[in-house]
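Worksheet: one structure, shown below.
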Amino acid sequence: MERRIFLQKSIVVGAGLAISPSLLSFPKDPQNLEKITILHTNDTHSNIETFPATHAKYPNQGGVARRYALLKEIRKQEKNVLLFDAGDIFQGTPYFNKFHGELEMKLMTHMGYDCATMGNHDFDAGLDGFINAYQYGKFPFVCSNYNFDNTILKDVTKEYQIFNKGPFKVGVFGLGVGLNGLVAKAHFQDTEWLKPIPIANRIAKHLRFEEKCDLVICLSHLGYKPKQFLDNDQLLASETENIDLIIGGHTHTFLPKPEIHFNRLGEKVLINQVGWAGLAMGRIDFFLGEKKRNKRHDLVMV
């Protein structure tokens, strides 16, 4: 299938919701390969409704209803689909002020999100506020470099999560930005922030070699590039091993397509981020050959 056909089809299905494209080319014979579709959002910031027609920049764009319609269509077409979010689910519209995250959790559950990580604004109602909202969330949060042992979030989030979809075994973990200076101390209390790169290397190695994951995905709320934050997705890609895909957030960066970076062994790592407010949803398709699933080079990324 040609890339331009894929893009046209996705945009039409979206009916006003943009979808971030996959990479440059498809395998020559994808019919003989197993495929998994990774869908993702970031920094939706409590944007529930479509932007009004009078909006200066995003008229009639976005909205949960359109995202849900697009998700249903993709799930009809594809048998192996996972949906992730890279944080900052809360804060930004009166819906959060009124419902304190409850509505966002209910809607994400209804849309069938598989996993998410916490952004700095997901602390805005405090740890008790997150707990209150999360009772309506039926999907795991992975927060690998936040140590919640001395807080009420102990054992509420996970270090990583593994998903089995068809022949694929997918390991997912999450990294959050430092909270000092971004979040009031009263809201994160005794949460301990740990340096993300050592954590990422330890968990990615475990997922690749101990858990035998075919894909290792990081949900990152660190930010996109060095000029924005000291810890960032580009540095994460270059200073780690065993990560296939970094789904980014925090900086509201819209990448027209996933970027190819290289890890410290010279292997390819993808980075993608799709802006903010639910205006776009990322899609990346991976194809798996017939060799052993835990071998990185058996995956053809498109």
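No value in this document is a laboratory result; all are computed from the given coordinates. Note that the coordinates shown come from a computational prediction; the quantities given were computed from them, not determined experimentally. Here the Cβ is made from the backbone with ideal geometry for all residues, glycine too, and neighbour counts use every protein chain on show.
Phi angles across the stretch 243-255 convert, under the Karplus curve 6.51 cos²θ - 1.76 cosθ + 1.60 with θ = phi - 60°, into 3J(HN,Hα) values of 9, 8, 9, 10, 9, x, x, 5, 9, 6, 8, 9, 8 Hz, Gly and Pro given as x. For the stretch 37-45, putting each phi into the Karplus relation 6.51 cos²θ - 1.76 cosθ + 1.60 with θ = phi - 60° gives couplings of 10, 9, 10, 7, 10, 7, 6, 6, 6 Hz, in residue order, rounded to whole numbers and with x for Gly and Pro. Mind checking which of 152, 64, 119 is farthest towards the positive end of the stretch 3-301's charge dipole, using Cβ charges of +1 (Lys, Arg) and -1 (Asp, Glu) about the Cα centre? Toward the positive end, the furthest listed residue is 64. Amide H to amide H distances under 5 Å link residue 81 with 37, where only residues 5 or more positions off or on other chains count and H is placed in the peptide plane.
Note on the stretch 153-237: Lys pairs 8 or more places apart or on different chains, Cα atoms under 29 Å apart, count 26. Of interest is the spacing of the C-alpha centroids, which for the stretch 58-75 and the stretch 150-168 amounts to 27 Å.
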